[in-house]
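**Student:** My questions all concern the structure below.
Derivation of every value follows stated rules applied to the coordinates shown; laboratory data play no part. None of the values given here were measured: they were computed from a predicted structure. Please note: Cβ atoms are built from the backbone with ideal geometry, for glycine as well, and neighbour counts cover all protein chains shown.
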Amino acid sequence: MNQIFNFFFSQYSDYQTLDIVLEIVAVIFGFLSVWFSKKNNILVFPTGMISTCIFVYLLLKWQLLGDMMINAYYFIMSVVGWYIWTRKVDAKHETPISKTTKKEKIISFVIFVATLVFVFIVYKTFDKWTSWVAYVDTVTTATFFVGMWLMAKRKIENWIYWIIGDIISIPLYFYKGFTFTSFQYLGFTIIAIFGYLAWKKHLNNNLVTA
């Protein structure tokens, strides 16, 4: 039993207690945010903002620049998404769940490529392009950037990007030494799958009633 515990949590022996507590709190609010997103509930944004604020602080302290930029971007897009989700498209209806248009697919591709270039430049500038982790970080950052933009736009395809990024992040964060965050992404993957199915059902129901 001790061997299993040490395998998953031995890296925390050198961490400050406050940092461990903050990571756990951030993980809890991260779970709440994804759960509210699955439920198509506006609380996805305030809970997500609490989680991302904590992670920005921790990741900057741990010098994980790519991960820190992801969370800083999450915070900004949460503000944008909060506005879009509550914006009225007419007197009675708020912005609905929908599929991406051809234009939005092109924008998604541009965001993905631009993020790859941006993260590469940042890593090279701060001399962090030193291992295979940097390559993976760059791809996951670009994936999550697109996913967050599509979620803010209330597009069903956002879940596909989250699922891909979450699956990659599970072993990546464990390798980096953040077991709680790794478990978080495992939970995120499961919720994201159900989130996609729930949004798809909601979208199909709206098409039938229309």
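**Student:** By count of other Cβ within 10 Å, fewest leading, how are E104, E157 ordered? All intermediate terms of the calculation are to be shown ahead of the outcome.
**Tutor:** Values: E104 16, E157 20.
In order of increasing Cβ crowding within 10 Å: E104, E157.
**Student:** So, one more: Just for the Cα atoms in the chain, what are the lengths along the principal axes, largest first, rounded to whole Å?
**Tutor:** Sorted from largest, the Cα extents of the chain read 57, 39, 23 Å.
**Student:** Also, quick follow-up: Over the alpha carbons of the stretch 88-210, what is the largest minus smallest coordinate on each principal axis, giving the biggest first in Å?
**Tutor:** Projected onto the principal axes, the Cα atoms of the stretch 88-210 cover 54, 30, 21 Å.
**Student:** In degrees from 0 to 90, rounded to the nearest 10, what is the angle of the helix 132-152 Cα long axis to the longest principal axis of the chain?
**Tutor:** 30 degrees
**Student:** Would you calculate the convex hull of the Cα atoms in the stretch 90-159 and tell me its volume per residue in Å³? Provide the component values of the computation, followed by the final result.
**Tutor:** On the way: hull volume 6.3 nm³, N = 70.
Spread over its residues, the Cα hull of the stretch 90-159 gives 90 Å³ apiece.
**Student:** Please list 3J(HN,Hα) in residue order for the stretch 185-202, calculated via the Karplus relation 6.51 cos²θ - 1.76 cosθ + 1.60 where θ = phi - 60°; whole Hz, with x for glycine and proline.
**Tutor:** Listing the rounded values in order: 5, 5, x, 4, 4, 5, 5, 5, 4, 5, x, 4, 5, 5, 5, 5, 5, 4 Hz.
**Student:** Separate question: Per residue of the stretch 115-123, in order, report the coupling 6.51 cos²θ - 1.76 cosθ + 1.60 (Karplus, θ = phi - 60°) as ³J(HN,Hα) in whole Hz, putting x for Gly and Pro.
**Tutor:** 5, 4, 5, 4, 5, 4, 4, 4, 5
**Student:** Further question on the same structure: Using amide H atoms built 1.01 Å from N in the peptide plane, name the residues 5+ places from E94, or on other chains, whose amide H lies under 5 Å from its own.
**Tutor:** Counting only residues 5 or more places away or on other chains, the set is V89.
**Student:** Would you mind computing the Rg to Rh ratio of the stretch 36-105 from its alpha-carbon coordinates, Kirkwood style for Rh?
**Tutor:** Rounded to two decimals, Rg/Rh equals 1.08.
**Student:** log10 I(q)/I(0), Debye, Cα-only the stretch 7-70, no solvent, q = 0.18, 0.25, 0.28 Å⁻¹?
**Tutor:** Normalising to I(0) and taking log10 leaves -0.70, -1.03, -1.12.
**Student:** So what is the 222 nm mean residue ellipticity for the chain from helices alone, if each DSSP H run of at least 4 adds -39500 (n - 2.57) and you divide by all residues, rounding to the nearest 500 deg cm²/dmol?
**Tutor:** Theoretical 222 nm ellipticity from helices: -27000 deg cm²/dmol.
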